[in-house]
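The values are calculated or read from the model by the stated rules, or taken from the named source; none is laboratory data. Please read these numbers as outputs of a predicted model, since none were measured by experiment. Cβ placement follows ideal geometry from the backbone for every residue including glycine, while neighbour counts extend to all protein chains displayed. Ligands, DNA and RNA are excluded from the accessible area calculation, which covers all protein heavy atoms including side chains. Shrake-Rupley method; radii C 1.70, N 1.55, O 1.52, S 1.80 Å.
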Amino acid sequence: MGDGSARMPRGRRAAAARPVAPPAAKAPAAKGPQRWSESRHYAALDLGTNNCRLLIARPQGAGFAVIDAFSRIVRLGEGLATTGRLSDAAIERTLAALRICADKLKRRNVALARSVATQACRQAVNGAEFIERAYRETGIALDIITAEEEARLAVLGCHALLEPGDGPALVFDIGGGSTELVLVDSHAPIPRILDWHSAPWGVVSLSEATGQSKAVTADARAAAYADMRARVRESFAPFVERLRPPKGTRRLLGTSGTVTTLASVHLGLTSYDRSAVDGLIVPSAAMREVSQSIAGMSIKQRAQVPCIGNERADLVVAGCAILETILDIWPAERLGIADRGIREGILRRLIGGAPL
């Protein structure tokens with residue numbers, strides 16, 4: 001959220017965080033010595049093709065403690081693949097969510113925040129226009145970040161959950177409009193990125209391109225799923241050509257609503273529980289089994305599965321197809337699950353100055 005003098009970003013990228021509110025004259029009272037930096041509140045907002053997510057945190061030890069959060073499915077990129085534009089309905093849904101975020105930023109007296117927008121705003125012809133309107137109506141100044149920075153922030157936010165091991169590891173983020181694949185060397189405290197790839201398929205864009213949600217019969221669903229897998233495989237091809245998989249154990253870590261949802265189904269949860277999912281290690285074969293089972297269901301059957309429900313029933317199959325294709329190109333025995341990513345990466349930069 002910008003201060004009164006902040007200028008709107010008109011380019012494709014503006015990396016600086018913005019002050020949200022002037023600091024108070026005095027830091028809050030504390031029993032022991034307290035640095036001003038430890039009393040400040042920081043915020044990170046991630047506006048994706050499907051979700052709007054906010055975290056507000058304060059420094060704690062070497063990291064941070066979350067004091068408030070918000071997440072809402074807004075489907076900003078709905079219909080984008082067909083029209084090339086953000087629709088009026090999608091914009092209104094998103095602005096409603098951003099107004100809630102703006103209120104939280106104000107009530108929590110956030111001193112410094114960074115808000116980013118990803119694939120939908122990168123791709124839409126009216127993306128910059130939407131960014132300007134969001135700033136006028138909510139005070140939140142969104143930066144349209146590149147796919148490369150999106151990948152870096154995701155890694156920075158979740159790499160702590162990588163299994164120990166030698167050789168490079170693959171971290172991936174299945175979004176609404178794109179999927180980022182990042183090959184990292186994790187020997188240093190902050191992983192070094194060896195290679196990365198952004199594919200133009202996420203759960204929204206892939207679902208709309210293939211019409212999977214309209215498939216009624218089992219044969220039609222199978223054909224749509226095969227079409228999804230083929231499209232994703234083709235989009236991964238340039239990255240696959242560069243890959244040199246390690247000879248030993250392959251390590252794999254996923255961060256996205258897809259992997260957390262499928263992990264919840266694997267665990268048989270009746271409602272989502274972050275504490276049970278974040279940091280979970282799941283056999284890859286089990287995730288394939290869950291993916292194939294969901295892909296074979298009708299949309300009505302998927303809606304009845306706990307942790308999928310009506311909001312995700314039409315999009316989750318695309319996530320399954322992307323995940324299975326990732327397992328094809330990087331056949332790890334286990335998959336790490338992260339319910340953290342871009343927002344946490346932003347906070348690590350704001351609070352600790354973490355590079356990447």
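Using a Gaussian network model of the chain in which every pair of alpha carbons under 10 angstrom is joined by a spring, one finds that among 269, 142, 86 the greatest mean-square fluctuation is at 269. Toward the positive end of the charge dipole of region 214-356, with +1 on the Cβ of Lys and Arg and -1 on the Cβ of Asp and Glu, the farthest Cα among 321, 297, 338 is that of 338.
Restricting attention to the chain, the count of lysine pairs at 8 or more positions apart or across chains with alpha carbons under 28 Å apart stands at 5.
Please give, to one decimal in nm, the separation of the simple spin-label points placed at residue 133 and residue 270, each 7 Å out from Cα toward the Cβ. With each label placed 7 Å out from Cα toward Cβ, I get 4.2 nm. Remark: region 263-356 carries a charge dipole of roughly 260 debye about the Cα centre, counting +1 on each Lys and Arg Cβ and -1 on each Asp and Glu Cβ. Counting heavy atoms of the protein chains alone, residue 266 has an accessible area of about 70 Å² for a 1.4 Å probe. Computed from phi, the 3J(HN,Hα) profile of region 57-64 under the Karplus parametrisation 6.51, -1.76, 1.60 (θ = phi - 60°) reads 9, 10, x, 8, x, 7, x, 8 Hz, with x in place of Gly and Pro. Placing unit charges on the Cβ atoms of the charged side chains and taking the dipole of region 203-278 about its Cα centre, the candidate lying farthest along the positive direction among 246, 222, 270 is 246. Excluding ligands, DNA and RNA, the accessible surface per residue across region 229-356 is 43 Å² with a 1.4 Å probe. Taking amide H positions as modeled 1.01 Å from N, with prolines and chain starts lacking one, the residues under 5 Å from residue 334 and 5 or more places away or on another chain are 284.
Mean residue ellipticity, 222 nm, helices only, the chain: the sum of -39500 (n - 2.57) across DSSP H runs of n ≥ 4, divided by residue count and rounded to 500, is -12500 deg cm²/dmol. Shape analysis of region 186-312 places it in the oblate category; the axes a ≥ b ≥ c from the Cα gyration tensor give an a/c of at least 1.5, with a/b not above b/c.
In order along region 206-211, the phi-based Karplus estimate (6.51 cos²θ - 1.76 cosθ + 1.60, θ = phi - 60°) of 3J(HN,Hα) comes to 6, 4, 5, 5, 9, x Hz; Gly and Pro are listed as x. Taking the Cα centre of region 129-274 as reference, the dipole from Cβ charges on Lys and Arg (+1) and Asp and Glu (-1) amounts to some 480 debye.
For residue 152, the solvent-accessible surface with a 1.4 Å probe is about 60 Å², rounded to the nearest 10.
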